[in-house]
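Engineer: Once you've had a glance at the structure underneath, I'll fire off some questions.
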Amino acid sequence: MSAPQPGSERATSWARVLTLLATGIAAAFLVGKAPAALPVLRPELSLSLFEAGLVVSMFSLVAALAGVLFGLVSDHFGRLRVALTGFVLALAAGLAGAAAPNPAALIASRAAEGVGFFLVSVSLPPLMMRLSGERHRHTVMGLWGTFLPAGAAMVLLGGGSTIGLVGWRGLWVVLSALYVPVMLALWWAAPREDLHEGRHEPTRASVVRRLREVVHAPGPLLMTATFGCYSAQYLPVTAFVPLILVERAHWSVAAAAAAGALVMASNITGNIAAGLLLDRGVKRVRLVQVAAVALAVGAALLMTETLPVPLRIAGAIVFASFGGMIPGSMFAAVARHSPSPGHTATVNGLMFQGVAVGQLVGPAITTFVVGEAGTWTAALFYLLPMSGLLLLAAGRLGRLEAAQDGAATRSEMSPQTSSK
């Protein structure tokens, strides 16, 4: 992948960028369908609360172990090829999950879906950046940050009604079938030169060297830590909103799913706001620090069982909306902290590995703590310290970027001084 040269600014291909965003949203259906079906899944398959947590998070297992390798594969073989492969795998795994006779089979299918999801997720951002002009890069990456909450919210919103008509197994089949036209749209929108470069890049830079260059750079590691601390809180809070409302507030499945969709959809505003604020010069560290404080406040409101239900839902919306500034900020930082444009999928893979670790560990720890204590309020013993870790990681990243900016300023001033 090559970046545009200075002075060669090109127009952003918005139709193709938005089409790629839509395919990412479709991939995120994999995240939202489990929370939507959880109230029905638990009694039908006799899932324990811990097994329910695994259904929500197990699809991240393989990515937590090998997310950066998916990024390397994408940089090596071409982002379009790898994204299409991810959708094929997600389609097949979804059909297998629809036929699952027991919890173990369903959890295994979710792990396979996780592979497909992350193959798509690490590959689409470089394709979108290639189609965007330089002055729109932050905006485009801010939009990309909406793919997960948008896709998850859409499934939560329509999932309850669909489950009422065809059951959760029918929902799995419908979403798998949807990936056929999604792959056609991806093929149309993606830049064709990516196929050409995917064949020839491996002769110029080895996979091992690319990985070494990424992990030796401090920026990608700090971005991974920041994103991981966020995702370890995001999924436990947002994914279990429908379950909390059904089991504790006695809402219907459809109403609880709609409330969960509203919470996840509010995350979109934070992503878009992050891109706009970054374009206006607001420091990335400030956005993440504000978001970390809001995460703690929102989680405390949602998980405190003595509070009224409307206030708890409001807390979840505060959590999700302000939290959206974190993915928006991190995706916008990929180009800055990648050693070269040819490393962007690998950096995305490393960052998504942090996301996957959080998505795997967060719900499992939360459900274990809640199950042992018998109250959702106990989840705060896990969620609040994670907000503190997020503040620390953001502070380190902010200091790195401040040092980089200072060095760049001194470098620009040196020629002027010497010329005098």
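The values are calculated or read from the model by the stated rules, or taken from the named source; none is laboratory data. All of these numbers come straight from a predicted model, not from anything done at the bench. Glycine gets a Cβ as well: all are built from the backbone with ideal geometry, and neighbour counts include every protein chain shown. Note: accessible area is taken over every heavy atom of the protein model, side chains too, but ligands, DNA and RNA are not part of it. Shrake-Rupley method; radii C 1.70, N 1.55, O 1.52, S 1.80 Å.
Engineer: At R0 = 22 Å, how high is the FRET efficiency between Glu134 and Leu276 if r is their beta carbon distance? Nearest 0.05 is fine. Show your work: numbers first, answer last.
Structural biologist: Details: r = 17 Å, r/R0 = 0.75.
It comes out at approximately 0.85.
Engineer: Could you give the length gained on full extension between Ala185 and Glu44, defined as 0.36 nm per residue of separation minus the Cα-Cα distance, in nm?
Structural biologist: Value of the extension gain: 47.2 nm.
Engineer: Leaving out ligands and nucleic acids, note down the accessible area per residue over the stretch 1-95 with a 1.4 angstrom probe, in whole Å².
Structural biologist: Using a 1.4 Å probe on heavy atoms only, each residue of the stretch 1-95 averages 35 Å².
Engineer: In addition: Which one, Leu397, Ser176, Val120, is farthest towards the positive end of the dipole of the chain when Lys and Arg carry +1 and Asp and Glu -1 on their Cβ?
Structural biologist: Value: Leu397.
Engineer: If you roll a 1.4 Å probe over the heavy atoms of the protein chains, what accessible area per residue do you get for the stretch 118-175, in Å²?
Structural biologist: So the stretch 118-175 comes to 29 Å² accessible per residue, rounded to a whole number.
Engineer: Gap in Å between the Cα centre of the stretch 227-275 and the Cα centre of the stretch 83-151?
Structural biologist: One Cα centre to the other: 19 Å.
Engineer: Can you show me the helix-derived [θ] at 222 nm for the chain, built from DSSP H runs with n ≥ 4 at -39,500 (n - 2.57) apiece and divided by the number of residues, rounded to the nearest 500.
Structural biologist: Computed ellipticity for the chain at 222 nm equals -28500 deg cm²/dmol.
Engineer: So, counting K/R as plus one and D/E as minus one, what does the shell of residues with Cβ under 11 Å around Leu49 add up to? Display every interim value, and only then the final one.
Structural biologist: Values: positive: Arg42; negative: Glu51, Glu247, Glu372.
Local net charge: -2.
Engineer: Skip the ligands, DNA and RNA, and give the accessible area per residue of the stretch 262-420 with a 1.4 Å probe, whole Å².
Structural biologist: 41
Engineer: Additional query: On alpha-carbon atoms, Rg over Rh for the stretch 1-151 using Kirkwood Rh? Could you put the intermediate results ahead of the total?
Structural biologist: Values: Rg = 17.5 Å, Rh = 16.5 Å.
Taking Rh as the inverse mean 1/r over Cα pairs, Rg/Rh reads 1.06.
Engineer: While we're on this one: Might you report the magnitude of the Cβ-based charge dipole of the stretch 1-113 about its Cα centre, with Lys and Arg at +1 and Asp and Glu at -1, to the nearest 20 debye?
Structural biologist: Details: 7 positive and 5 negative charges, 44 e Å.
Approximately 220 debye in magnitude.
Engineer: Please give, to one decimal in nm, the separation of the simple spin-label points placed at His216 and Arg286, each 7 Å out from Cα toward the Cβ.
Structural biologist: Each label point lies 7 Å from its Cα, and together they span 3.5 nm.
Engineer: Put a dot 7 Å past each Cα toward the Cβ at Leu178 and Ala11; how far apart are the dots in nm?
Structural biologist: Reported label-point gap for Ala11 and Leu178 is 3.2 nm.
Engineer: Pick from Pro327, Pro125, Pro385: which residue has the top mean-square fluctuation in a GNM of the chain where Cα pairs under 10 Å get a spring?
Structural biologist: Among Pro327, Pro125, Pro385, the largest GNM mean-square fluctuation belongs to Pro385.
Engineer: For the charge dipole of the chain, defined by +1 on Lys and Arg C-beta atoms and -1 on Asp and Glu C-beta atoms about the Cα centroid, which residue among Leu91, Pro242, His216 has the Cα displaced farthest towards the positive pole?
Structural biologist: About the Cα centre, the residue reaching furthest to the positive side is His216.
Engineer: Relative to the Cα centre, what is the charge dipole magnitude of the stretch 243-334, using +1 at the beta carbon of each Lys and Arg, -1 at the beta carbon of each Asp and Glu, and rounding to the nearest 20 debye?
Structural biologist: Computed about the Cα centre, the dipole is about 300 debye.
Engineer: Using only the alpha-carbon atoms, what does the chain span along each of its principal axes? Please give whole angstrom values in decreasing order.
Structural biologist: So the three principal-axis extents are 75, 42, 35 Å.
Engineer: What net charge do the residues around Ser329 carry, taking every other residue with its C-beta under 10 Å from that of Ser329, with Lys and Arg at +1 and Asp and Glu at -1?
Structural biologist: Summing Lys and Arg as +1 and Asp and Glu as -1 gives +3.
Engineer: Under unit Cβ charges (Lys, Arg +1; Asp, Glu -1), what dipole magnitude, rounded to 20 debye, does the chain have relative to its Cα centre?
Structural biologist: Working: 28 positive and 18 negative charges, 166 e Å.
Its charge dipole is roughly 800 debye.
Engineer: Work out from phi, with θ = phi - 60° and the Karplus expression 6.51 cos²θ - 1.76 cosθ + 1.60, the ³J(HN,Hα) of each residue of the stretch 240-253, listed in order in whole Hz, and give x for Gly and Pro.
Structural biologist: Ordered by residue, 3J(HN,Hα) equals 9, 4, x, 5, 4, 5, 6, 7, 9, 9, 6, 6, 6, 4 Hz.
Engineer: In addition: Please give the length that would be gained between Glu372 and Leu384 if that part of the chain were fully extended, namely 0.36 nm times their separation in residues minus their C-alpha to C-alpha distance (nm, one decimal).
Structural biologist: Between Glu372 and Leu384, full extension yields 2.5 nm more.
Engineer: Another one. How big is the accessible area of Thr304 in square angstrom, nearest 10, if you roll a 1.4 angstrom probe over the protein chains?
Structural biologist: Accessible area of Thr304: about 40 Å².
Engineer: For the chain, which whole-number percentage of the solvent-accessible area (1.4 Å probe, protein heavy atoms only) is attributable to carbon and sulfur atoms?
Structural biologist: C and S atoms contribute 69 percent here.
Engineer: Something else about it: Starting from 0.36 nm per residue, how many nanometres of slack lie between Ala92 and Ala402 once their C-alpha separation is accounted for?
Structural biologist: Net length gain for the segment: 107.0 nm.
Engineer: Would you work out if the stretch 219-275 is rounded, prolate or oblate? Take a ≥ b ≥ c from the square roots of the eigenvalues of the alpha-carbon gyration tensor; rounded if a/c is under 1.5, else prolate when a/b is larger than b/c, oblate otherwise.
Structural biologist: Since a/c reaches 1.5 but b/c is at least a/b, the shape of the stretch 219-275 is classed as oblate.
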